[in-house]
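First up is the structure itself, then whatever we jot down about it.
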Amino acid sequence: MKISKIPGLGRFGIFIDDVDFEHLADEEWMEIGKLHKQSLVTILRNVNLNAEDYAGWITKFGRAKYPAQEYYLKYFQEKYKKSLSEFTKSFNKNDSTVDARDRDMALGLLQMQRTTRTGKIINVEGGFNDQGVPNGLFAEGELGWHSNEPGHLNATPGVALYGQQGMVGSATGFATTVDYYESVSESFRSELNEIIILHKFTPEKFLQGARGVVSDMVKLAVAPPEGSEVPLVVQSPGGYTGLRYSYTSMAGIKGMSDIDAQKVFKELDRGIFQDKYTYDHWYQQDNDLLLFDNSITTHRRLGPIIGRSALRTVFDYTTLQKRFYQPYINHGSIARKYIRQAKNSDNSPTVIDYLKTFFYKY
């Protein structure tokens, strides 16, 4: 196993080469997980990982989550009082109360899901089938700088993306925020610590060149809850403090005028999206396995994707963490709300974890 520095990404980001999954011990994999938690972005190049075993390896780090799937299921249940599969089976083209685009979206969502012998995964594939149904999630268009589950307090902190075919000619880009956050003046850092971001889905910022049903799918997958408020400065599972900078959904700053908020965003754009903090991974082959942080690292997708197919899993780091993960170290009331939401999704918080949120910032 060979480790080298990724160019850009500040002091973070590593390539790992020569990993042999056929002979990889669990202990070695968990060491890779610990390295990743500290590097924020880890790219294992040209691995021999069987797609059927992919989910099993990723979930050794922590539990897999399927937030987008939950949003879709809720949409169809609330709108049609039916499950996704029930809606698809019962769809009648002559029924004026049913939206034909909803049917195409439902069929696309069913294609997006994939079950392997080691767990469920999401299929990210470009293009459409003969019936015009998307082949998978994000079936066309480039994706702007974003974080998964923007506007959600309990956003899943880890993402894995495993290229299967047609990856060459496209790129997955990353921007880290820790070095920038540490570089600003103490007074500005104090201001950043207090900022609460107001999130709103902005399709023209997030997705470029996508058509009807794809836009519908993406909106359900990534749109933040209405009126969502999330602190700008958070802590990563590895203990680093940086910015949850989901550029494409950041609409305003709580308690600040739109004009002043846009000034802050422009300053942050200039500071974060510099060559020294960013890296676009233009694929040289299929079979690259990307692990990346979703708490203080933002990502994007560039290039054509017709014929491009990848497997995607979002996961937490519960196996790699000894203590309860608390992102909101500067905001007591939000930290308490997060604990209430996280009881069933992360390592169980202790009474001490809850009490900390009342008495001090930590």
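Some points to look at:
- Cut-off under 5 Å, modelled amide H: who pairs with GLY252 long-range: LEU198
- Cα centroid separation - segment 227-249 against segment 153-171, whole Å: 19 Å
- When each of the peptides 115-125, 283-293 is scored by how many other beta carbons lie within 10 Å of its residues on average, the order from highest to lowest is 283-293, 115-125.
- Multiplying the residue separation of LEU73 and LYS2 by 0.36 nm and subtracting their alpha-carbon distance yields 21.3 nm.
- Filter on LYS37/LYS60; LYS34/LYS356; LYS37/LYS322; LYS205/LYS337; LYS200/LYS266 - keep pairs with C-alpha separation over 19 Å: LYS34/LYS356; LYS205/LYS337
- Segment TYR66-ARG270, extension gain: residue separation times 0.36 nm, minus the distance between their alpha carbons: 70.1 nm
- Of the GluC sites (Glu not before Pro) in segment 1-88, those whose Cβ has at most 11 other Cβ within 10 Å and which sit in DSSP loop: GLU22
- Where GluC sites (Glu not before Pro) fall in DSSP loop in segment 224-302, at most 11 other Cβ within 10 Å: GLU226
- Hits among aspartates and glutamates - C-alpha to C-alpha of LYS79 under 15 Å, sequence gap 8 or more where chains match: GLU70, ASP95, ASP99, ASP102, ASP216
- Phi angles of segment 310-317 translate, via the Karplus equation with coefficients 6.51, -1.76, 1.60 and θ = phi - 60°, into HN-Hα couplings of 9, 9, 9, 9, 10, 8, 9, 10 Hz per residue; Gly and Pro are given as x.
- Candidate lysines for bridging to LYS82, where Cα separation is under 25 Å - those fewer than 8 sequence places away on the same chain excluded: LYS65, LYS74, LYS93, LYS120, LYS219
- Here the Karplus relation 6.51 cos²θ - 1.76 cosθ + 1.60, evaluated at θ = phi - 60°, turns the backbone of segment 9-18 into coupling constants of 6, x, 8, 10, x, 9, 8, 10, 10, 6 Hz, with x for every Gly and Pro.
- Note on LYS219/LYS81: beta-carbon distance plugged into 1/(1 + (r/R0)^6) with R0 of 25 Å gives a FRET efficiency of 0.75.
- Between the labelled values (i) 55; (ii) 49; (iii) 31, the entry that holds percent of Cα pairs over 32 Å apart as derived from this structure is (iii).
- Helix-only mean residue ellipticity at 222 nm for the chain, each DSSP H run of n ≥ 4 adding -39500 (n - 2.57), per residue, nearest 500: -10000 deg cm²/dmol
- Multiplying the residue separation of GLU186 and GLN284 by 0.36 nm and removing their Cα-Cα distance gives an extension gain of 31.1 nm.
- Computed from the C-beta positions of LYS89 and ASN129, the FRET efficiency with R₀ = 22 Å rounds to 0.75.
- Rounded FRET efficiency, nearest 0.05, which uses the C-beta distance separating ALA25 from GLN262 and R0 of 45 Å: 0.30
Values in this text are rule-based calculations from the coordinates and carry no lab data. Model, not experiment: these values are computed from the prediction. Backbone-built Cβ (ideal geometry, glycine too); neighbour counts: all protein chains shown.
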